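Novice: Mind having a look at this structure? Questions to follow.
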Amino acid sequence: MSGPRFAPYRELGRTGFAATRIGIGDIADRAVAFDTLVATLRRALDFGLNLVDTAPSYEDGYSERVVGAALAGRRSGVFVIDKVDHFDRPVARQIGESLERLGLDAADAFVLHGVRSLEQWNELARPGGVWDELEACRAQGRCRFVGISAHDPAALRAALTSNKLDIALFPVGPYVDTRYVDEILPLARTLRVGTVCFKTFGAGKLLGDTEGYGRPLANRPRGKLSSGGADESSPTLPRLSVSECVHYTLTLDPDVALLGMSFPNEQDAALAAAESFQPLSAEAMASIRERAAHAIAHKGPCWWNPPDAAFW
């Protein structure tokens, strides 16, 4: 590789950080050698990507250790987002443990991970609550920015309008509740809150026959039997291409699209799609949405959409 293929695209909300159009999602698989994972992440950084997302719950801290090792000697210019997973435990202790695994004195941002409802956000944001603990850690220099990740549009709307957030992480892709796209994304832009969006590939469901993140289908539709009695059921379900998913998400224009790129071949496909990106027409977007609904059917629950999810 002669040099970085990606350059910073635009400012991440009001943080002042110029981020690349795509970011690096969780890279952690205990079935893969640690050094291999580190090399894979460094490969993405070599391509110029400059935003990395991790969490203690990703393989029980393994992801954080991979990120820390990959950033050794090259921390400058990379925006690191980590998370607070448990709202019933002291925030300062969780952040301290995460920073120890990362080998860092501070992350760029810590966010409350997986806020699931408006009621939960209201409890977290009450005076003296979890949000205030997070702010205290920021005041101590453990991070520069704070925010939430959430799978609930109502929680996101309330959090954004509270003017507490610097960044928000939420689903944007071919199969998400329409409110994330029609309400939350424009609201965040108006308030200059950085948007870091996930589920471009629908946890892998849009690309393959899985219940998400490589898990096999529990109730796979039965295929026909060949003359020799072999099951010819794979593949039987519709799929989208990597390019279709990436181009769809980038057309919606979040500040950063987090993509799963745990292996070099996955990186190559995702980066090639990002490099070839041209905004899609309304007709093309509608076609991808329709095909995504077929591609994701019969592949288990889509936990990033709330029970009252609205679709196109």
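The values are calculated or read from the model by the stated rules, or taken from the named source; none is laboratory data. Given the structure is predicted, the values throughout are model-derived calculations rather than measurements. All Cβ positions, glycine included, derive from the backbone under ideal geometry; neighbour counts span all protein chains shown.
Novice: Could you grab the pairs with beta carbons closer than 8 Å, sequence gap of 6+ or different chains, first residue in segment 201-212 and under 14 Å from Ala269 (Cα atoms), second one part of a helix (DSSP H, G or I) and at pLDDT 95 or above?
Specialist: Phe201/Val242; Phe201/Cys245; Leu207/Val242; Leu207/Cys245
Novice: Residues being of a type in the set (A, V, I, L, M) and either assigned to a strand (DSSP E or B) or in contact with a strand residue (DSSP E or B) (Cβ under 8 Å, 6 or more places away or on another chain) (or both): count how many of those fall in segment 86-96. Give the steps one after another, and end with the answer.
Specialist: Within segment 86-96, the subset of a type in the set (A, V, I, L, M) is 91-92, 95.
Subsequent filtering for residues that are either assigned to a strand (DSSP E or B) or in contact with a strand residue (DSSP E or B) (Cβ under 8 Å, 6 or more places away or on another chain) (or both) retains 91, 95.
Total meeting the criteria: 2.
Novice: Output the number of residues of segment 173-187 satisfying the condition of being surrounded by fewer than 24 Cβ atoms within 10 Å (Cβ to Cβ) and either hydrophobic (A, V, I, L, M, F, W, C) or in contact with a strand residue (DSSP E or B) (Cβ under 9 Å, 6 or more places away or on another chain) (or both). Outline the logic, then answer.
Specialist: Filtering segment 173-187 down to residues surrounded by fewer than 24 Cβ atoms within 10 Å (Cβ to Cβ) leaves 177-179, 181-183, 185-187.
Keeping just the survivors that are either hydrophobic (A, V, I, L, M, F, W, C) or in contact with a strand residue (DSSP E or B) (Cβ under 9 Å, 6 or more places away or on another chain) (or both) gives 177, 181, 185, 187.
Total satisfying the criteria: 4.
Novice: Looking at segment 11-33, is at least one residue in a helix (DSSP H, G or I), free of Cβ contacts under 8 Å to residues at least 24 places away in the same chain, over 21 Å from Gln267 (Cβ atoms) and out of contact with any strand residue (DSSP E or B) (no Cβ under 6 Å at 6 or more places or on another chain)? Even if it seems obvious, please write down each step before you answer.
Specialist: Initially, segment 11-33 is screened for residues in a helix (DSSP H, G or I), giving none.
For segment 11-33, residues in a helix (DSSP H, G or I), free of Cβ contacts under 8 Å to residues at least 24 places away in the same chain, over 21 Å from Gln267 (Cβ atoms) and out of contact with any strand residue (DSSP E or B) (no Cβ under 6 Å at 6 or more places or on another chain): absent.
Novice: Quick one: Ala125 ticks every box in (1) within 29 Å of Asn50 (Cβ to Cβ); (2) crowded, with 16+ Cβ neighbours inside 10 Å; (3) more than 21 Å from the chain's Cα centre (by Cα) bar one, so which box is it?
Specialist: (1)
Novice: Also, quick follow-up: Say whether the condition of being surrounded by 13 or more Cβ atoms within 10 Å (Cβ to Cβ), closer than 30 Å to Arg192 by Cα, modelled with pLDDT of 90 or more and within 15 Å of the chain's Cα centre (by Cα) is met by at least one residue in segment 228-245.
Specialist: Narrowing segment 228-245 to residues surrounded by 13 or more Cβ atoms within 10 Å (Cβ to Cβ): 233, 236-245.
Still in the list and also closer than 30 Å to Arg192 by Cα: 242-245.
Still in the list and also modelled with pLDDT of 90 or more: 242-245.
Those still in the list that are within 15 Å of the chain's Cα centre (by Cα) too: 245.
Yes, that holds for at least one residue.
Novice: Right, next: Could you check, for segment 108-124, whether at least one of its residues is under 16 Å from Arg142 (Cα atoms), touching a Leu at 6+ places or on another chain (Cβ under 8 Å), at pLDDT 95 or above and among the aliphatic types (A, V, I, L, M)? Outline the logic, then answer.
Specialist: Of all residues in segment 108-124, those under 16 Å from Arg142 (Cα atoms) come to 108-112.
This time we only want the ones that are touching a Leu at 6+ places or on another chain (Cβ under 8 Å), so: 110-112.
So of that shortlist, the ones also at pLDDT 95 or above come out as 110-112.
Still in the list and also among the aliphatic types (A, V, I, L, M): 111-112.
Within segment 108-124, one or more residues are under 16 Å from Arg142 (Cα atoms), touching a Leu at 6+ places or on another chain (Cβ under 8 Å), at pLDDT 95 or above and among the aliphatic types (A, V, I, L, M).
Novice: Which residue is farthest from Arg291 (Cα to Cα), if the candidates are limited to segment 144-163 and must be crowded, with 18+ Cβ neighbours inside 10 Å and in contact with an Asp or Glu (Cβ under 8 Å, 6 or more places away or on another chain)?
Specialist: Out of the qualifying residues, it is Phe145.
Novice: Pull up segment 82-95, narrow it to residues that are touching a residue at least 12 places away in the same chain (Cβ under 8 Å) and over 16 Å from the mean Cα position of the chain (by Cα), then point me to the one that is nearest to Val67 (Cα to Cα).
Specialist: Ile95
Novice: Right, another one. Considering only segment 281-291, I want to know if a residue exists there that is without any contact (Cβ under 8 Å) to a residue 60 or more places away in the chain, on the phi < 0 side of the Ramachandran plot and touching a helix residue (DSSP H, G or I) at 6+ places or on another chain (Cβ under 6 Å).
Specialist: Within segment 281-291, not a single residue is without any contact (Cβ under 8 Å) to a residue 60 or more places away in the chain, on the phi < 0 side of the Ramachandran plot and touching a helix residue (DSSP H, G or I) at 6+ places or on another chain (Cβ under 6 Å).
Novice: Exactly one of (1) surrounded by 22 or more Cβ atoms within 10 Å (Cβ to Cβ); (2) under 20 Å from Ser149 (Cα atoms) is unmet by Thr15. Its number?
Specialist: Single failed check for Thr15: (1).
Novice: Any residue at all in segment 49-62 that is part of a loop (DSSP other than H, G, I, E, B), free of Cβ contacts under 8 Å to residues at least 60 places away in the same chain, within 26 Å of Gly16 (Cα to Cα) and aliphatic (A, V, I, L, M)?
Specialist: yes
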